[in-house]
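Undergrad: I have a structure I would like to understand better, so I am pasting it below and will then ask my questions one at a time.
The values are calculated or read from the model by the stated rules, or taken from the named source; none is laboratory data. Predicted, not measured: the structure shown is a model, and the values here were computed from it. Quick reminder, even Gly has a Cβ in these numbers, built from the backbone with ideal geometry, and neighbours come from all protein chains shown.
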Amino acid sequence: MLYRINELNRALMNPLIGWSGAAAQLLTSKDNWIAHFPGVQRLAAGYELFHRLGKEYEKPAFAIQAVEAHGRHTPIAEQVALARPFCNLVRFKRFVDDIETLHELKNDPAVLVVAPLSGHHATLLRDTVRALLKDHKVYITDWIDARMVPLREGAFTLDDYVAYIQAFIRHIGAERLHVISVCQPTVPVLAAISLMASNGESTPLTMTMMGGPIDTRRSPTKVNDLATTQPLSWFENNVIHEVPGSYPGVGRKVYPGFLQHAGFVAMNPSRHFQSHWDFYEDLRRGDLEDAEAHRKFYDEYNAVLDMPAEYYLDTIRTVFQQHLLPRGQWDVAGQRVQPQDIRTTALLTIEGELDDISGLGQTEAAHALCTGIPAAKRQHLMARGAGHYGIFSGRRWREKIYPVVRDFIRRHDDAPARAKVTPLRRKA
């Protein structure tokens, strides 16, 4: 019912919200003589703020057109390497017309970035992908909004998530693959690789885990507290709703994106209020650069997706309430998850000093579980001054954290052991 009420409210408000956006553009147009009257900038700023507070935000594009790779300007094309009902495996294909550079690009390690299925789209990791593309062949899990998945595709559980990760690893090829999981997927990624190791399959060369809830009993945060102070039935009765008839996934039970967004804002309402007020003031003063930075951030932050109810409830129970992974009691599809069986995959864990979503020690806990990995193949980084988003996006990620990730991957990559192909230019 709540989902339908939200849709009805959105439908009723859309004309006014659209009009406000049009009015803001009209009043700020350089060709409009009214724009030069006193007080018009203030009026236009109010219209745009109202428009942005009320409009629906679509999934942003990755919009990575090119990067500098091996000293060359390298165009990028997005390709769906493998399509599944709830997720697409997207590859960022690099193109270059220089033979020597092409050889170097092909010789780069392959990286699978496992994006979180926790409210925001995979485009939140745009900065992560852009940095990695300089030195790696990059794939990412692009999760699909559950309201867009028809009911005939069936349910999607945490076990299914693990199976998806395994399918993507096998599709790319584990022999020279490096997996990076950001936040929520650290748990299912560790499970996926553990099960592959237990079954005698090849596992990725490295796994990098960033700001994830491996053991939420360590340094619990507000997010952890909410999950543990309410019974599972509370979440099922209060945040799970059916997709209404205006979407392909009509009838599917989900944790709606608009509720998740309300939760994000509620974690720090004063910061968001101040940010929107500053945006209004920037528009009023004509500070277009800061105003545009606000637009870019909230275009991403406000774009949310619905999560499948089964997966969400499984995660609350398994990860946050019963702590099955660190307690050694998690079974996936009837098989016990045993991280100690991982022996050939190197492990890097990364935490932010100021992370208020995954507290200090929660990700580092993976080392205590992966006892089969030699000490020489394990490394931990605590990024000083970095919050949750700072460990995978922004200046600290690019200047402090990414170099560590890049060097760790190179150190454990098997490139020297492979037969090298001589570039045609050098042969000539």
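Undergrad: Quick one: in segment 297-332, which of the residues that are in a strand (DSSP E or B) and in contact (Cβ under 8 Å) with a residue 12 or more places away in the chain is farthest from the chain's Cα centre (by Cα)? Full working, then the answer.
TA: As a first pass, look at segment 297-332 and keep what is in a strand (DSSP E or B): 304, 307-308, 331-332.
With the extra rule that they be in contact (Cβ under 8 Å) with a residue 12 or more places away in the chain, the set shrinks to 304, 307-308, 332.
Working: 304: 11, 307: 13, 308: 16, 332: 23 Å.
Among them, the one singled out is 332.
Undergrad: Which is closer than 16 Å to residue 117 by Cα, free of Cβ contacts under 8 Å to residues at least 60 places away in the same chain and surrounded by 22 or more Cβ atoms within 10 Å (Cβ to Cβ), of 165, 169? Step through it out loud before you land on a result.
TA: On the way: 169 fails: closer than 16 Å to residue 117 by Cα.
Being closer than 16 Å to residue 117 by Cα, free of Cβ contacts under 8 Å to residues at least 60 places away in the same chain and surrounded by 22 or more Cβ atoms within 10 Å (Cβ to Cβ) holds for just one of 165, 169, which is 165.
Undergrad: Now for a different question. Looking for something at pLDDT 95 or above and assigned to a loop (DSSP other than H, G, I, E, B) - is there at least one such residue anywhere in segment 83-91? Steps first, please.
TA: Taking segment 83-91 first, the residues at pLDDT 95 or above are 83-91.
Checking the rest, the ones that are also assigned to a loop (DSSP other than H, G, I, E, B) come to 85-86.
Yes, because at least one residue in segment 83-91 is at pLDDT 95 or above and assigned to a loop (DSSP other than H, G, I, E, B).
To keep it simple, each residue is scored yes or no on (1) of a type outside the set (Ser, Thr, Tyr); (2) modelled with pLDDT of 90 or more; (3) assigned by TED's automatic domain parsing to the domain that holds residue 151.
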| site | (1), (2), (3) |
| --- | --- |
| 278 | yes, yes, no |
| 282 | yes, no, no |
| 311 | no, yes, yes |
| 314 | yes, yes, yes |
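Undergrad: For segment 333-428, please list each of the helices (runs of 4 or more DSSP H) lying entirely inside it that holds at least 1 residues being out of contact with any strand residue (DSSP E or B) (no Cβ under 9 Å at 6 or more places or on another chain) and at pLDDT 95 or above. Step through it out loud before you land on a result.
TA: Details: elements: 366-369, 402-411, 424-427.
Where helices (runs of 4 or more DSSP H) fall fully within segment 333-428 and carry at least 1 residues being out of contact with any strand residue (DSSP E or B) (no Cβ under 9 Å at 6 or more places or on another chain) and at pLDDT 95 or above, they are 366-369, 402-411.
Undergrad: Hey, another quick one. May I ask you to verify whether residue 147 is part of a helix (DSSP H, G or I), farther than 25 Å from residue 197 by Cβ, assigned by TED's automatic domain parsing to the domain that holds residue 72 and in contact with a strand residue (DSSP E or B) (Cβ under 7 Å, 6 or more places away or on another chain)?
TA: Numbers: part of a helix (DSSP H, G or I): yes; farther than 25 Å from residue 197 by Cβ: yes; assigned by TED's automatic domain parsing to the domain that holds residue 72: yes; in contact with a strand residue (DSSP E or B) (Cβ under 7 Å, 6 or more places away or on another chain): yes.
Considered against the rule, which asks whether it is part of a helix (DSSP H, G or I), farther than 25 Å from residue 197 by Cβ, assigned by TED's automatic domain parsing to the domain that holds residue 72 and in contact with a strand residue (DSSP E or B) (Cβ under 7 Å, 6 or more places away or on another chain), residue 147 comes out as yes.
Undergrad: Out of the residues in segment 217-262 that are among the acidic types (Asp, Glu) and under 26 Å from residue 326 (Cβ atoms), state the one that is farthest from the chain's Cα centre (by Cα).
TA: First pass over segment 217-262, keeping only residues among the acidic types (Asp, Glu): 225, 236, 242.
Add one more test, that the residue is under 26 Å from residue 326 (Cβ atoms), and what stays is 225, 236.
Details: 225: 22, 236: 24 Å.
If we take residues in segment 217-262 being among the acidic types (Asp, Glu) and under 26 Å from residue 326 (Cβ atoms), then 236 is farthest from the chain's Cα centre (by Cα).
Undergrad: Something else about it: Pick out the one residue from 45, 77 that is surrounded by 18 or more Cβ atoms within 10 Å (Cβ to Cβ) and outside any loop (DSSP other than H, G, I, E, B).
TA: Values: 77 fails: surrounded by 18 or more Cβ atoms within 10 Å (Cβ to Cβ).
Result: 45 is the single residue among 45, 77 that is surrounded by 18 or more Cβ atoms within 10 Å (Cβ to Cβ) and outside any loop (DSSP other than H, G, I, E, B).
Undergrad: Of the residues that make up segment 248-260, is at least one over 18 Å from residue 4 (Cβ atoms) and either touching a Cys at 6+ places or on another chain (Cβ under 8 Å) or modelled with pLDDT of 85 or more (or both)?
TA: Kept after step one, since they are over 18 Å from residue 4 (Cβ atoms), are these residues of segment 248-260: none.
No, segment 248-260 has no match at all.
Undergrad: While we're here: Take residue 257 and decide whether it is more than 28 Å from residue 142 (Cβ to Cβ), touching a residue at least 40 places away in the same chain (Cβ under 8 Å) and small (Gly, Ala, Ser).
TA: On the way: more than 28 Å from residue 142 (Cβ to Cβ): no; touching a residue at least 40 places away in the same chain (Cβ under 8 Å): yes; small (Gly, Ala, Ser): yes.
So residue 257 fails the test.
Undergrad: Which ones in segment 96-136 are basic (Lys, Arg) and either more than 19 Å from residue 409 (Cα to Cα) or not in a helix (DSSP H, G or I) (or both)? So that I can check it myself, show each step before the final result.
TA: Taking segment 96-136 first, the residues basic (Lys, Arg) are 106, 126, 130, 134.
Once the filter is applied, which keeps residues that are basic (Lys, Arg) and either more than 19 Å from residue 409 (Cα to Cα) or not in a helix (DSSP H, G or I) (or both), segment 96-136 yields 126, 134.
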